[in-house]
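Only one structure is covered here, and it is reproduced in the block below.
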Amino acid sequence: MSETQPPPGEAVAIGIDLGGTAIKAALVGLHGNLLESFREDSPRTVSSLRDFIHSVRNRAKVPVLGIGIGCKGVIDAATTRVNRLPGDLHFLEGCTLRDIAGANGLPVSADNDARAALVGEVLWGAARGRRNVLMLTLGTGVGAAALVDGVIVRGASGAACHLGHVTLDLRGGLCICGNYGCLETSFSSRAIESSYFAHIHRASPTHLSLDEAGHVPSTEAIFQAAADGDPSARRVLDLAFESLTAALVSFLHVFDPELLIIGGNIAAAGPQLLTRLREEVARRTSVLLGREVPLVLQKTIGYGGVAGAAGLIFLQQRLLTI
Ligand SMILES: [Zn+2]
């Protein structure tokens, strides 16, 4: 990530993207430009999260306007309280991120991580000037956010648009959310890796194996193996893409967006991912929508959520508007 100095007097905010695998942060300028970026494995305690945020603050060589945080789960944007957060970051449930950031009067904003990523796209990316946009973040889990008629959808309790938890398989396995057969159980890095592990465990023909520590091959390695002709990797990805395609078709029928943005770590597969989806999704939505909805990649894959989190501060302070 390139690092540049802001012009004198430029507004700068800290953006933090707290996901299931990594925590990322950056000093972000008013144009969505990243001035300095940071990344660590996701914290597993409140104190390690606090230490990370403090270290980023201490590294800032320019005054910052505030700290914006995008976090998995159901976040109360008004209070920054983490209302519900199953999984690896469960220790944050019930915590108020503003208190953890301990910002000494510095404003702190927080929202769901996918929503923060969408804010970044609306302010500076592919969704600029649009009023109806759907975004999916494909990573450890599946996040989603929607801009509907110019408004970011939050719902009654902040839980709206958890599209990773729509039921796709009526007989599917138990999901992290307590539902069965969710999209996230069939298309997410955890789902892809566990499905490939099942192939290894059954002694199906595979190119990859567990490493010496017993770790399952990464999603990135499974994508590469499929490209190299690994029959198990191909089967795993074929089934995963079948689920994702069906889900996207349903989402376009629900939201009728101008644009669908795909982000998250799995989106790093880039054109390979989009080519596979575009044609089938277009064919299956053409009757009701009457047009092909563009599927595009997030502008800054990997750090878009960080920029969007800082955008929460710029919006709060009315330096920018949607
Ligand atoms: Zn679920």
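Confirm whether residue 233 is part of a helix (DSSP H, G or I), surrounded by fewer than 20 Cβ atoms within 10 Å (Cβ to Cβ) and hydrophobic (A, V, I, L, M, F, W, C).
Details: part of a helix (DSSP H, G or I): yes; surrounded by fewer than 20 Cβ atoms within 10 Å (Cβ to Cβ): no; hydrophobic (A, V, I, L, M, F, W, C): yes.
Answer is no for this residue.
Residues in the range 270-282: is at least one touching a Lys or Arg at 6+ places or on another chain (Cβ under 6 Å) and either under 19 Å from residue 34 (Cα atoms) or touching a residue at least 24 places away in the same chain (Cβ under 8 Å) (or both)? Reasoning before the result, please.
Going residue by residue through the range 270-282, those that are touching a Lys or Arg at 6+ places or on another chain (Cβ under 6 Å) are none.
Scanning the range 270-282 turns up no residue that is touching a Lys or Arg at 6+ places or on another chain (Cβ under 6 Å) and either under 19 Å from residue 34 (Cα atoms) or touching a residue at least 24 places away in the same chain (Cβ under 8 Å) (or both).
Please work out which one of (1) in contact (Cβ under 8 Å) with a residue 12 or more places away in the chain; (2) more than 11 Å from the ligand (Cβ to nearest atom) is the condition residue 176 fails and give its number.
Going through the list (1) in contact (Cβ under 8 Å) with a residue 12 or more places away in the chain; (2) more than 11 Å from the ligand (Cβ to nearest atom), residue 176 breaks only (2).
Would you point out which residue out of 245, 275 is assigned to a helix (DSSP H, G or I), modelled with pLDDT of 95 or more and β-branched (Val, Ile, Thr)? Don't jump to the end; show me each part of the working.
Values: 275 fails: modelled with pLDDT of 95 or more.
Exactly one of 245, 275 is assigned to a helix (DSSP H, G or I), modelled with pLDDT of 95 or more and β-branched (Val, Ile, Thr), namely 245.
Can you work out which of the residues in the range 256-272 that are surrounded by fewer than 19 Cβ atoms within 10 Å (Cβ to Cβ) and not aliphatic (A, V, I, L, M) is modelled with the lowest pLDDT? Steps first, please.
As a first pass, look at the range 256-272 and keep what is surrounded by fewer than 19 Cβ atoms within 10 Å (Cβ to Cβ): 256, 258-259, 268, 270-272.
Add one more test, that the residue is not aliphatic (A, V, I, L, M), and what stays is 256, 258, 270-272.
Details: 256: 98, 258: 97, 270: 74, 271: 78, 272: 79.
Among those that are surrounded by fewer than 19 Cβ atoms within 10 Å (Cβ to Cβ) and not aliphatic (A, V, I, L, M), it is 270.
Exposed (fewer than 15 other Cβ atoms within 10 Å of the Cβ), touching a strand residue (DSSP E or B) at 6+ places or on another chain (Cβ under 7 Å) and hydroxyl-bearing (Ser, Thr, Tyr) - does that describe any residue in the range 76-97?
Within the range 76-97 (the criterion being exposed (fewer than 15 other Cβ atoms within 10 Å of the Cβ), touching a strand residue (DSSP E or B) at 6+ places or on another chain (Cβ under 7 Å) and hydroxyl-bearing (Ser, Thr, Tyr)), the answer is yes, since at least one residue qualifies.
Among the residues in the range 268-286, are any within 16 Å of residue 111 (Cα to Cα) and among the aliphatic types (A, V, I, L, M)? Before the answer, list the steps.
First pass over the range 268-286, keeping only residues within 16 Å of residue 111 (Cα to Cα): none.
No: zero hits.
I'd like the residue in the range 195-208 that is loosely packed, with under 15 Cβ neighbours inside 10 Å and in contact (Cβ under 8 Å) with a residue 12 or more places away in the chain and, out of all such residues, is farthest from the ligand (Cβ to nearest atom).
Residues of the range 195-208 that are loosely packed, with under 15 Cβ neighbours inside 10 Å, as a first pass: 198, 201-205.
Now narrow it down to the ones that are in contact (Cβ under 8 Å) with a residue 12 or more places away in the chain: 204-205.
Numbers: 204: 27, 205: 31 Å.
Across the range 195-208, the extreme among qualifying residues is 205.
Looking at 211, 169, which is the one that is of a type in the set (Asp, Glu), within 16 Å of the ligand (Cβ to nearest atom) and assigned to a loop (DSSP other than H, G, I, E, B)?
On the way: 211 fails: within 16 Å of the ligand (Cβ to nearest atom).
Just a single option satisfies the conditions, and that option is 169.
Restricting the range 281-299 to residues that are buried (at least 16 other Cβ atoms within 10 Å of the Cβ) and either in contact with a helix residue (DSSP H, G or I) (Cβ under 6 Å, 6 or more places away or on another chain) or of a type in the set (Phe, Trp, Tyr) (or both), which is nearest to residue 115 (Cα to Cα)?
The selected residue is 298.
Are there any pairs, at least 6 apart or on different chains, whose C-beta atoms fall under 7 Å, with the first in the range 141-167 and farther than 14 Å from residue 74 by Cβ and the second acidic (Asp, Glu) and within 16 Å of the ligand (Cβ to nearest atom), and if so, which?
142/184
For the range 70-126, what are the residues that are part of a loop (DSSP other than H, G, I, E, B), touching a residue at least 24 places away in the same chain (Cβ under 8 Å) and on the phi < 0 side of the Ramachandran plot? Lay out the reasoning, then the answer.
From the range 70-126, those part of a loop (DSSP other than H, G, I, E, B) are 72-73, 77-80, 85-89, 93-95, 102-107, 125-126; that's our starting set.
If we keep only those that are touching a residue at least 24 places away in the same chain (Cβ under 8 Å) too, we end up with 72-73, 77, 80, 86-89, 95, 102-103, 106-107, 125-126.
Matches in the range 70-126: 72, 77, 86, 88, 89, 95, 103, 106, 107, 125, 126.
Quick grid of which residues meet (1) among the hydroxyl-bearing types (Ser, Thr, Tyr); (2) surrounded by fewer than 19 Cβ atoms within 10 Å (Cβ to Cβ); (3) more than 16 Å from the ligand (Cβ to nearest atom); (4) farther than 28 Å from residue 23 by Cβ:
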| residue | (1), (2), (3), (4) |
| --- | --- |
| 116 | no, no, yes, no |
| 124 | no, no, yes, no |
| 128 | no, yes, yes, no |
| 138 | no, no, no, no |
| 153 | no, yes, yes, no |
| 160 | no, yes, no, no |
| 182 | no, no, no, no |
| 186 | yes, no, no, no |
| 191 | no, no, no, no |
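The values are calculated or read from the model by the stated rules, or taken from the named source; none is laboratory data. All figures in this text were calculated on a predicted structure; none of them were measured in a lab. Glycine also receives a Cβ, built like all others from the backbone with ideal geometry; neighbour counts cover every protein chain displayed.
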